[in-house]
1. Only helices (runs of 4 or more DSSP H) wholly contained in region 13-105 count here; list those with 1 or more residues that are farther than 20 Å from Ile126 by Cβ and at pLDDT 75 or above.
2. Considering (1) assigned to a helix (DSSP H, G or I); (2) at pLDDT below 80, say which one Lys142 fails and leave the rest.
3. Which residue out of Ser107, Ser87 is surrounded by 20 or more Cβ atoms within 10 Å (Cβ to Cβ) and of a type in the set (S, T, N, Q)?
4. Enumerate the pairs (first residue in region 159-184 and among the small types (Gly, Ala, Ser); second residue anywhere and part of a strand (DSSP E or B) and at pLDDT 80 or above) with beta-carbon separation below 7 Å, excluding pairs fewer than 6 apart on the same chain, so at least 6 apart or on different chains.
5. Being touching a strand residue (DSSP E or B) at 6+ places or on another chain (Cβ under 8 Å), free of Cβ contacts under 8 Å to residues at least 40 places away in the same chain and under 22 Å from Thr31 (Cβ atoms) is the filter here; which residues of region 89-144 pass it?
6. Sort through Gln172, Gln111 and tell me the only one that's at pLDDT below 90 and either of a type in the set (Asp, Glu) or not in a loop (DSSP other than H, G, I, E, B) (or both).
7. Among all residue pairs at least 6 apart or on different chains, which show Cβ distances below 7 Å where the first residue, located in region 188-201, is over 15 Å from Gln94 (Cβ atoms) and of a type in the set (Asp, Glu) and the second is at pLDDT below 85 and in a strand (DSSP E or B)?
8. Kindly list the number of the only condition in (1) surrounded by fewer than 16 Cβ atoms within 10 Å (Cβ to Cβ); (2) of a type in the set (A, V, I, L, M, F, W, C); (3) at pLDDT 80 or above; (4) under 20 Å from Gly189 (Cα atoms) that fails for Leu159.
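The values are calculated or read from the model by the stated rules, or taken from the named source; none is laboratory data. Values in this document were obtained by computation on a predicted structure and should not be read as measured data. Cβ: placed from backbone, ideal geometry, glycine included. Neighbour counts: every protein chain shown.
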Amino acid sequence: MGKDRQDLSEAGRALGPLAEIMRQVKEGELTPEQLQAIVEHRIPFNFRYEIFKVTVDCSMSLKQLLEACNLRKKRQDNHYNSLAHFSLKGFGKQEIELALVHLGWHSQTIQVHQQLSFNGLKAARIEHLLAFGANFPNIPEKENAPILALGSSYCADDLGRQAYPGLERHYQGERDFHIPCEDPDNLPGWPAYYRFLAIRK
């Protein structure tokens with residue numbers, strides 16, 4: 001009996017994701033294109049995101065948006081210098097919904113863009129990131145969960161590496177702004193614990 005229960009338990013775990021996929025198809029939560037992508041392993045089934053409503057005020061400068069995030073003061077001058085590489089898009093105040101996406105697996109930037117697109121999203125820009133940081137100062141709660149906005153970038157060096165704006169939590173609990181580079185020679189790409197900010201297409 002013990003082995004039978006174990007077999008049933010393992011079968012239940014195996015059918016669990018399948019049953020959830022069937023439910024999402026029936027409820028219209030998965031499009032035929034998304035289902036096909038899951039079957040072909042082009043997108044992971046465990047694509048997860050949370051929605052946050054924020055106001056993006058494009059009448060503010062990037063410096064003002066950064067100051068509203070109440071970041072770690074020790075690196076404030078470095079933050080301001082880094083902003084010269086970016087520009088704002090849009091005018092006035094915009095009420096938008098931001099998706100905080102957690103893929104849960106190592107991914108290169110191009111793969112992240114593909115996953116977002118399959119789910120009706122596109123990468124957020126720096127103004128979205130800073131507005132998110134100002135409105136939700138305690139997210140993410142974990143120390144090791146940087147948030148990147150892959151919709152803004154600049155060429156960081158002669159190797160052609162792209163740098164992207166991000167927010168992370170310092171080990172002492174303080175929020176920090178950083179601009180990591182994606183290394184083209186690092187095939188795994190961004191670590192599995194990274195989050196990506198996105199907006200609807």
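1. Working: elements: 32-39, 62-67, 76-82.
Output list reads 32-39.
2. (1)
3. Values: Ser87 fails: surrounded by 20 or more Cβ atoms within 10 Å (Cβ to Cβ).
Answer to the selection: Ser107.
4. Partner pairs satisfying both residue conditions: Ala163/Tyr154; Ala163/Cys181; Gly166/Ile147; Gly166/Leu148; Gly166/His178.
5. His113, the sole residue that qualifies.
6. The unique qualifying residue is Gln111.
7. Filtered contacts from region 188-201: no entries.
8. (3)
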